[in-house]
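Below is one structure, written out as structure tokens; comments come after it.
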């Protein structure tokens, strides 16, 4: 039984069908990536997993339980965390407060331990502890978004375009941390990316989404070598 | 000088009451972006509950003032909170996600409903409360015979407001509930993505606003000795003005706006004319809105990207 399994999910924004019957699975311990062009529905899929917007049809199972109609805050309490599109740092809260918000659904007994682990992964956050979230740079905000998600001790971490708008150095660092979280802490990662080259190299398995449908799937290596993928997503070098 | 000091004391007392109510307006605005026009009437309901509690305690023979006052405050806060919670539950929550004006209209409806509800149950005439606390300190006596006094009631109102403000600020800044409220204020979708129950947090905000309004209602009743079903309208509009003056959405702003408005009213009544005190209060509001549209401590509205 996969940790996350999505079957036949349709999602609408008003009359627009953003997801047209998506099927996919994420096994425990994997890094799975979803690549696709802007507007393909990748972020919508991540948000649908979290119940906002709701899937109009189809079902989403997490850890053997159906979460298709579960309230968002309850889904989070079951062990899914998301660093969403646009990072959505609480701008008028300090870095520490943002991390405390992340820990809301975790057992408070682990707070210090988790906080130290996040600070080890991202020493910059420790330096900026009492700074307001809104004043951080883009890279720092991304670190904070991931750190905040980790504070809930998730079993499944959803990452929405963590590389967007960041300098190559920072992108490298963030992907390195994602691999480390997966390996050392055993957190399953579902990564949505436009930066297909990095994402496919990192991922065990990958899906390609085109206008709300999954069109291709395979291991990261397979998709890297796939001509269609190369033409559509890897053209122009290795961003 | 003596006269000035006396008006200062009066203004601070009145301003404290405005400030306590203004917090309810500003918090609700901060978290769901609507003006809760029924909040003034929640204040009035708080006053009535306090009045009834005083009378019942009087009948029950509990007349030791500090004890009676404490019991009345607790009862008023609890029952008024239930009103605040219910108003949100029945009149605003079902409209969440509909167009922006809908909850505003619903709030006006709730305001009219609460006024008529109290009028039907309690009658239209003002209800008096015999003075609960009498006496005070004479601070100064001028040769012309004018004395500056601060009554025990005034001291109580100011002290109570300071204590509540401190407690409330701590709650918002330091506790998990306060952080959840601020998170909802800043980004409700993200708040739910870290596990905040947004509906419950909004309810908590209404409960807290109503509890503070209940304290204000009790203080108002004890200070002025009368309450009627329409009292909430004028006081509510004044407190709303205070919230806008200080910068709606800002907690320190609500307090500052309340105090300023109380002082403006007191000094205007003292030096110019009592009849035109409302004109002065609202005139200042107009001036502030012209030159600082986001209020004294408010943040200018930033377009969200």
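Tell me yes or no: at least one residue of the range A:213-220 is surrounded by 22 or more Cβ atoms within 10 Å (Cβ to Cβ), touching a residue at least 24 places away in the same chain (Cβ under 8 Å) and outside any strand (DSSP E or B). No: the range A:213-220 contains no residue that is surrounded by 22 or more Cβ atoms within 10 Å (Cβ to Cβ), touching a residue at least 24 places away in the same chain (Cβ under 8 Å) and outside any strand (DSSP E or B). Taking (1) at negative phi; (2) buried (at least 16 other Cβ atoms within 10 Å of the Cβ); (3) in a loop (DSSP other than H, G, I, E, B); (4) under 17 Å from the mean Cα position of the chain (by Cα) in turn, residue A:28 satisfies each apart from (2). Checking each residue of the range A:110-129 against the condition of being in contact with a strand residue (DSSP E or B) (Cβ under 9 Å, 6 or more places away or on another chain) and away from every other protein chain (no Cβ under 13 Å) gives at least one match. Being part of a helix (DSSP H, G or I) and farther than 22 Å from residue B:180 by Cβ is the filter here; which residues of the range B:23-42 pass it? Once the filter is applied, which keeps residues that are part of a helix (DSSP H, G or I) and farther than 22 Å from residue B:180 by Cβ, the range B:23-42 yields B:40, B:41, B:42.
Against the numbered list (1) out of contact with any helix residue (DSSP H, G or I) (no Cβ under 8 Å at 6 or more places or on another chain); (2) touching a residue at least 24 places away in the same chain (Cβ under 8 Å), residue B:211 comes up short only at (1). Annotation note: Cβ proximity below 8 Å between a residue of the range B:249-263 that is on the phi > 0 side of the Ramachandran plot and a residue that is in a helix (DSSP H, G or I) (sequence gap 6+ or interchain) occurs for B:249/B:26; B:249/B:29; B:249/B:30; B:249/B:185. Being within 26 Å of residue B:230 (Cβ to Cβ), surrounded by 19 or more Cβ atoms within 10 Å (Cβ to Cβ) and out of contact with any helix residue (DSSP H, G or I) (no Cβ under 7 Å at 6 or more places or on another chain): is that true of residue B:108 here? No: the conditions fail for residue B:108. Checking each residue in the range A:40-63 for being more than 10 Å from chain B (Cβ to nearest Cβ) and part of a loop (DSSP other than H, G, I, E, B) picks out A:40, A:41, A:53, A:54, A:55, A:56, A:63. When B:104, B:55, B:95 are screened for being on the phi < 0 side of the Ramachandran plot and within 20 Å of the chain's Cα centre (by Cα), only B:104 passes. Being out of contact with any helix residue (DSSP H, G or I) (no Cβ under 7 Å at 6 or more places or on another chain) and buried (at least 20 other Cβ atoms within 10 Å of the Cβ) is the requirement here; does residue B:25 meet it? Judged against the criteria, residue B:25 is not a match.
Which of the residues belonging to the range A:64-74 are more than 9 Å from every other protein chain (Cβ to nearest Cβ) and crowded, with 16+ Cβ neighbours inside 10 Å? Explain how you work it out, then say what you get.
Taking the range A:64-74 first, the residues more than 9 Å from every other protein chain (Cβ to nearest Cβ) are A:64-70.
Those that are more than 9 Å from every other protein chain (Cβ to nearest Cβ) and crowded, with 16+ Cβ neighbours inside 10 Å: A:67, A:68, A:70.
To keep it simple, each residue is scored yes or no on (1) at pLDDT 95 or above; (2) touching a strand residue (DSSP E or B) at 6+ places or on another chain (Cβ under 8 Å).
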position: B:32; (1), (2): no, no
position: B:45; (1), (2): yes, no
position: B:72; (1), (2): yes, no
position: B:110; (1), (2): yes, no
position: B:127; (1), (2): no, yes
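Scanning for something within 16 Å of the chain's Cα centre (by Cα) and either part of a helix (DSSP H, G or I) or over 23 Å from residue B:247 (Cβ atoms) (or both), does the range B:64-76 turn up at least one residue? Yes - at least one qualifying residue is present in the range B:64-76.
Every residue, every condition in (1) away from chain B (no Cβ under 13 Å); (2) crowded, with 21+ Cβ neighbours inside 10 Å; (3) over 17 Å from the mean Cα position of the chain (by Cα), yes or no:
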residue: A:134; (1), (2), (3): no, no, yes
residue: A:149; (1), (2), (3): no, yes, no
residue: A:160; (1), (2), (3): no, yes, no
residue: A:168; (1), (2), (3): yes, no, yes
residue: A:177; (1), (2), (3): yes, no, no
residue: A:181; (1), (2), (3): yes, yes, no
residue: A:185; (1), (2), (3): yes, no, no
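Within the range B:84-95, work out how many residues are surrounded by fewer than 22 Cβ atoms within 10 Å (Cβ to Cβ), touching a helix residue (DSSP H, G or I) at 6+ places or on another chain (Cβ under 6 Å) and in contact (Cβ under 8 Å) with a residue 24 or more places away in the chain. Residues meeting the conditions: 2. What are the pairs, 6+ residues apart or on separate chains, where a residue within the range B:282-305 that is assigned to a helix (DSSP H, G or I) has its Cβ under 6 Å from a residue that is at pLDDT 85 or above? Between residues of the range B:282-305 that are assigned to a helix (DSSP H, G or I) and residues that are at pLDDT 85 or above, the close pairs are B:284/B:264; B:285/B:241; B:285/B:245; B:288/B:245. Considering A:35, A:80, the condition of being in contact (Cβ under 8 Å) with a residue 60 or more places away in the chain, buried (at least 22 other Cβ atoms within 10 Å of the Cβ) and within 13 Å of another protein chain (Cβ to nearest Cβ) is satisfied by A:80 alone.
In this structure, residue B:271 qualifies as surrounded by fewer than 24 Cβ atoms within 10 Å (Cβ to Cβ) and either in contact (Cβ under 8 Å) with a residue 40 or more places away in the chain or out of contact with any strand residue (DSSP E or B) (no Cβ under 8 Å at 6 or more places or on another chain) (or both).
Selection of helices (runs of 4 or more DSSP H) fully inside the range B:137-242 by the criterion of at least 2 residues being away from chain A (no Cβ under 14 Å) returns B:152-174, B:198-224. Taking the stated definitions as given, is residue A:90 facing another protein chain (nearest Cβ under 9 Å), buried (at least 22 other Cβ atoms within 10 Å of the Cβ) and either closer than 26 Å to residue A:165 by Cβ or in contact with a strand residue (DSSP E or B) (Cβ under 6 Å, 6 or more places away or on another chain) (or both)? The answer is yes for residue A:90. Filtered by the rule that a residue be touching a helix residue (DSSP H, G or I) at 6+ places or on another chain (Cβ under 9 Å) and part of a loop (DSSP other than H, G, I, E, B), the range A:202-212 gives A:203, A:204, A:212.
The values are calculated or read from the model by the stated rules, or taken from the named source; none is laboratory data. Nothing here was measured: the structure is a model prediction, and the numbers come from that model. Glycine also receives a Cβ, built like all others from the backbone with ideal geometry; neighbour counts cover every protein chain displayed.
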